Amino acid sequence: MRQTCAPKGRPAVSPAVWRSALAVTAPAGVGLGVGRPAEGVMVAMGALSAVLTDVAAAYRHRAITMLLPQLLGAAGAFAMLAAEGRWFAPGVLPALGVVAGVLAALGVEGSLGAMILLMDAEVAMDLPLPGPLWWPPALMLLGGLSVVGLALAGRPFFRSRAERALLAQCLTGCAAVLAPDAAGPAGTARRRALHDVLERARHTGSVGGSVLLARHLPGLLALAETASSAGARGLVADPALVGRLRAEAGRVAAGRAAGRPGAGGAWPPGRGPLDARLVRAARAAVAPDPGPTGSAGLRAGLRAGLRAGLRAGLRAGLSPGRRRAVVRAVLADPRSWLGGLRVGAALLLAGAAAAHWDLRHPYWAVLNATFVCRPEVGPVTGRALERFCGTALGLLGSGLVLALVLACAGPDGALLAVLALAAGLVPALSGTGYLYQAAALATVVLMATQLAGDPGLPLLLPNLASCAIGCLAAVLAGELFGPRHRHPVVARRLAGAVEQAALALTPRHPRTAAPAPYRPGAAVSTATAPHLQLAAARAEFERVRREPPWRQGATARWAALIDEVERTVDTALAPAVPADHRHFDATRHHLHRLATDLHRLATRP
């Protein structure tokens, strides 16, 4: 409980805060002004669904993560309204839950689409409006598209700022890893931070298709591999080279032409083979070869440079054929359908319990189950605890504020001000912890209900009861149908990293049958994959830490295993290459045995 309630950071005021406050509050105010508050609240709820998907920094990535979920949400709302009154109406929402669970297996973008699909369907079910069937979905789609339009409005002015910031962070991370003080635990933390930012940049480029990331990422991945391995071995780089990397990071972040020949002066010559290899990799990262011209060449370069990433979900591949192959693999995987059955069972349990106790607004119970059942955010038990505690905190605070406003006979403008503040806190508190974001969401729902004409104070206890029902239903469904634990996923990621490290050593063998000798940065698709696999393994392990106490017995042992695999991979990929080819044979043999043991650990029942 202490770990759950502890804030993980401070609220961050960003443009998303102002977008959320404006897009959620303005429709509700306009609806009150024209005497149609229900329609205004419907548009505001559509805007809130788009706010929850406003998680990407790059504009191309932002368009995908925000626009596609809105279309899915409109389709889900129309399906629920079209089935109302039919004999199969009770089974529509669980069926949508199964579809959403399978869709969530495609990755972060699929999970966001699944959440909005169910959220809009449940809102349309609880807030029926007079008129044709397409009217409520159209209102919610209008609210969502308003947020999407505001989020993309700055693209003509800041179209590559987020990508440049990611590239600059990668260069700064490489410089930090090579700094003289990067030793011991501090160096390990810096290498892990570098791998994490590389994975974010790779994911942004693969989903958004950024041309800038397509050009620079292959060289950056090769530079990061060399720098990380050198830092793990304690090898010291030239301080002038480290300073030049920091200077180039500043140029990239500012948008200046860092890649032009002669920009920033000549590169430092270095003091040995390590510095020479780092200079070659840094030049390839900062001033990449443009390669084939035209959009086809850029897409080909993007595919070749980013193929080292993980092949899960929508993040795998860029071509339509590869995306279709990923979708077919997800549909053929029984674990995807198991996750879909878990979501459908949770929605069915929450809806049945809310109907049994005749709670007002029973969709709240189903909505809470929807928010909790998200596979990419960690174990369902920890998220359910955060959701319930945050909802209780939000209802307590918003109930006191609402009682004060009603006691003072305050106008609706006071309620709109509270709604704007709570809506702005939804994206601001995303980095602080889901508990605090859930508190802001509960305040938004309560204020929107009051503005729609339904008294909010009598709904405090039913809302809390609905939250408890939804969270318990999600936990029960997760315990019954979910995987036993996430440790096999961590083992598979570690095994993939070790296998890629063994494959990266193959071109260096002087007696290999490879047609071309090894060149630094040439084997980007193999030599850089281990660090990205390790970043994914650490992300999975952080989710394991949020599991309930009865599943955390082996957490310390798995943390030690991750550290050992990281040291093994860094040592195997160290830039100091011995002349004796027998060293490669022994290293590859050791890596293959370690990968076999990890695969055996991943398949252990």
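With the structure loaded, tell me whether Phe78 is open to solvent by 30 Å² or more (accessible area, probe 1.4 Å), modelled with pLDDT of 90 or more and not small (Gly, Ala, Ser) or whether it fails that test. Full working, then the answer.
Details: open to solvent by 30 Å² or more (accessible area, probe 1.4 Å): yes; modelled with pLDDT of 90 or more: yes; not small (Gly, Ala, Ser): yes.
Answer is yes for this residue.
Residues Arg244, Arg251, Arg283: which one is of a type in the set (Lys, Arg), within 30 Å of the chain's Cα centre (by Cα), in a helix (DSSP H, G or I) and modelled with pLDDT of 80 or more?
On the way: Arg244 fails: within 30 Å of the chain's Cα centre (by Cα); Arg283 fails: within 30 Å of the chain's Cα centre (by Cα).
Step by step, each of Arg244, Arg251, Arg283 is checked, and only Arg251 is of a type in the set (Lys, Arg), within 30 Å of the chain's Cα centre (by Cα), in a helix (DSSP H, G or I) and modelled with pLDDT of 80 or more.
Could you please tell me which pairs satisfy a Cβ distance under 7 Å, a separation of 6+ or placement on different chains, a first residue in region 391-402 that is over 13 Å from Tyr436 (Cβ atoms) and open to solvent by less than 40 Å² (accessible area, probe 1.4 Å), and a second residue that is of a type in the set (Val, Ile, Thr) and part of a helix (DSSP H, G or I)?
Pairs that qualify, where the first residue is over 13 Å from Tyr436 (Cβ atoms) and open to solvent by less than 40 Å² (accessible area, probe 1.4 Å) and the partner is of a type in the set (Val, Ile, Thr) and part of a helix (DSSP H, G or I), are Ser398/Thr443.
I'm trying to understand the selection: among the residues of region 161-215, which are in a loop (DSSP other than H, G, I, E, B) and crowded, with 24+ Cβ neighbours inside 10 Å? Give the steps one after another, and end with the answer.
First pass over region 161-215, keeping only residues in a loop (DSSP other than H, G, I, E, B): 179-184, 209-210.
The one that is in a loop (DSSP other than H, G, I, E, B) and crowded, with 24+ Cβ neighbours inside 10 Å: Ser210.
May I ask you to list the residues in region 120-157 that are in a loop (DSSP other than H, G, I, E, B) and either under 24 Å from the mean Cα position of the chain (by Cα) or free of Cβ contacts under 8 Å to residues at least 24 places away in the same chain (or both)?
Step one: of region 120-157, the residues in a loop (DSSP other than H, G, I, E, B) are 127-134, 153-154.
Passing the criteria: Pro130, Gly131, Pro132, Ala153, Gly154.
Report whether or not Leu367 is among the hydrophobic types (A, V, I, L, M, F, W, C), touching a helix residue (DSSP H, G or I) at 6+ places or on another chain (Cβ under 8 Å) and at pLDDT 85 or above. Talk me through it step by step, then tell me what you get.
Values: among the hydrophobic types (A, V, I, L, M, F, W, C): yes; touching a helix residue (DSSP H, G or I) at 6+ places or on another chain (Cβ under 8 Å): yes; at pLDDT 85 or above: yes.
In short, yes.
Looking at Val426, Val405, Val377, can you tell me which residue is open to solvent by 10 Å² or more (accessible area, probe 1.4 Å) and more than 17 Å from Ser111 (Cα to Cα)? Outline the logic, then answer.
Values: Val426 fails: open to solvent by 10 Å² or more (accessible area, probe 1.4 Å); Val377 fails: more than 17 Å from Ser111 (Cα to Cα).
After applying the criteria, what remains is Val405.
Scan region 408-423 residue by residue and report those that are surrounded by 20 or more Cβ atoms within 10 Å (Cβ to Cβ) and either in contact (Cβ under 8 Å) with a residue 60 or more places away in the chain or in a loop (DSSP other than H, G, I, E, B) (or both).
First pass over region 408-423, keeping only residues surrounded by 20 or more Cβ atoms within 10 Å (Cβ to Cβ): 415, 418-420, 422-423.
Across region 408-423, the qualifying residues are Leu419, Ala420, Ala423.
Quick one: is Ala491 assigned to a helix (DSSP H, G or I) and modelled with pLDDT of 90 or more?
Numbers: assigned to a helix (DSSP H, G or I): yes; modelled with pLDDT of 90 or more: no.
No: the conditions fail for Ala491.
For region 514-530, indicate whether the set of residues that are open to solvent by 60 Å² or more (accessible area, probe 1.4 Å) and at pLDDT 55 or above is non-empty.
Within region 514-530, none of the residues are open to solvent by 60 Å² or more (accessible area, probe 1.4 Å) and at pLDDT 55 or above.
With Cys471, Cys389 as the choices, which residue is farther than 30 Å from Trp337 by Cβ and of a type in the set (A, V, I, L, M, F, W, C)?
Details: Cys471 fails: farther than 30 Å from Trp337 by Cβ.
Testing whether each residue is farther than 30 Å from Trp337 by Cβ and of a type in the set (A, V, I, L, M, F, W, C) leaves just Cys389.
Surrounded by fewer than 21 Cβ atoms within 10 Å (Cβ to Cβ), touching a Leu at 6+ places or on another chain (Cβ under 9 Å) and under 21 Å from Trp364 (Cα atoms): does that describe Leu435? Before you say what the answer is, go through the steps one by one.
Numbers: surrounded by fewer than 21 Cβ atoms within 10 Å (Cβ to Cβ): no; touching a Leu at 6+ places or on another chain (Cβ under 9 Å): yes; under 21 Å from Trp364 (Cα atoms): yes.
No, not satisfied.
I need the full set of residues from region 24-73 which are in a helix (DSSP H, G or I), over 23 Å from the mean Cα position of the chain (by Cα) and among the hydrophobic types (A, V, I, L, M, F, W, C), in order please. Show your work before the answer.
Here is the first cut: in region 24-73, the residues in a helix (DSSP H, G or I) are 24-33, 37-52, 59-73.
Subsequent filtering for residues that are over 23 Å from the mean Cα position of the chain (by Cα) retains 24-33, 37-44.
Result: Val24, Ala26, Ala28, Val30, Leu32, Ala38, Val41, Met42, Val43, Ala44.
Is it the case that some residue within region 381-388 is farther than 18 Å from Ala44 by Cβ and either at pLDDT 90 or above or in a loop (DSSP other than H, G, I, E, B) (or both)? Let's see the steps before the verdict.
Going through region 381-388, the residues farther than 18 Å from Ala44 by Cβ turn out to be 381-388.
Subset that is either at pLDDT 90 or above or in a loop (DSSP other than H, G, I, E, B) (or both): 387-388.
Yes.
Please work out which one of (1) modelled with pLDDT under 90; (2) among the hydrophobic types (A, V, I, L, M, F, W, C); (3) open to solvent by 50 Å² or more (accessible area, probe 1.4 Å); (4) touching a helix residue (DSSP H, G or I) at 6+ places or on another chain (Cβ under 6 Å) is the condition Ala104 fails and give its number.
In the conditions (1) modelled with pLDDT under 90; (2) among the hydrophobic types (A, V, I, L, M, F, W, C); (3) open to solvent by 50 Å² or more (accessible area, probe 1.4 Å); (4) touching a helix residue (DSSP H, G or I) at 6+ places or on another chain (Cβ under 6 Å), Ala104 misses (3) alone.
How many residues are of a type in the set (Val, Ile, Thr) and surrounded by fewer than 19 Cβ atoms within 10 Å (Cβ to Cβ) if we restrict to region 216-240?
So in region 216-240, the residues of a type in the set (Val, Ile, Thr) come out as 226, 236.
Within this subset, residues satisfying the condition of being surrounded by fewer than 19 Cβ atoms within 10 Å (Cβ to Cβ) are 236.
Matching residues across region 216-240 total 1.
Tell me, yes or no, whether region 557-574 has at least one residue that is of a type in the set (A, V, I, L, M, F, W, C), modelled with pLDDT under 70, outside any helix (DSSP H, G or I) and closer than 30 Å to Ala214 by Cα. If you could, list the steps in order and put the result at the bottom.
Taking region 557-574 first, the residues of a type in the set (A, V, I, L, M, F, W, C) are 558-562, 565, 569, 572-574.
If we keep only those that are modelled with pLDDT under 70 as well, we get 574.
Imposing the further condition that a residue be outside any helix (DSSP H, G or I) reduces the set to 574.
Still in the running and closer than 30 Å to Ala214 by Cα: 574.
Taking every residue of region 557-574 in turn, at least one turns out to be of a type in the set (A, V, I, L, M, F, W, C), modelled with pLDDT under 70, outside any helix (DSSP H, G or I) and closer than 30 Å to Ala214 by Cα.
The values are calculated or read from the model by the stated rules, or taken from the named source; none is laboratory data. Treat the numbers as computed from the prediction; the structure is a model and nothing was measured. A quick note on method: Cβ atoms are made from the backbone with ideal geometry, for glycine too, and the neighbour counts reach across all protein chains shown. Protein only, heavy atoms only, side chains kept; ligands, DNA and RNA dropped before computing areas. Shrake-Rupley method; radii C 1.70, N 1.55, O 1.52, S 1.80 Å.
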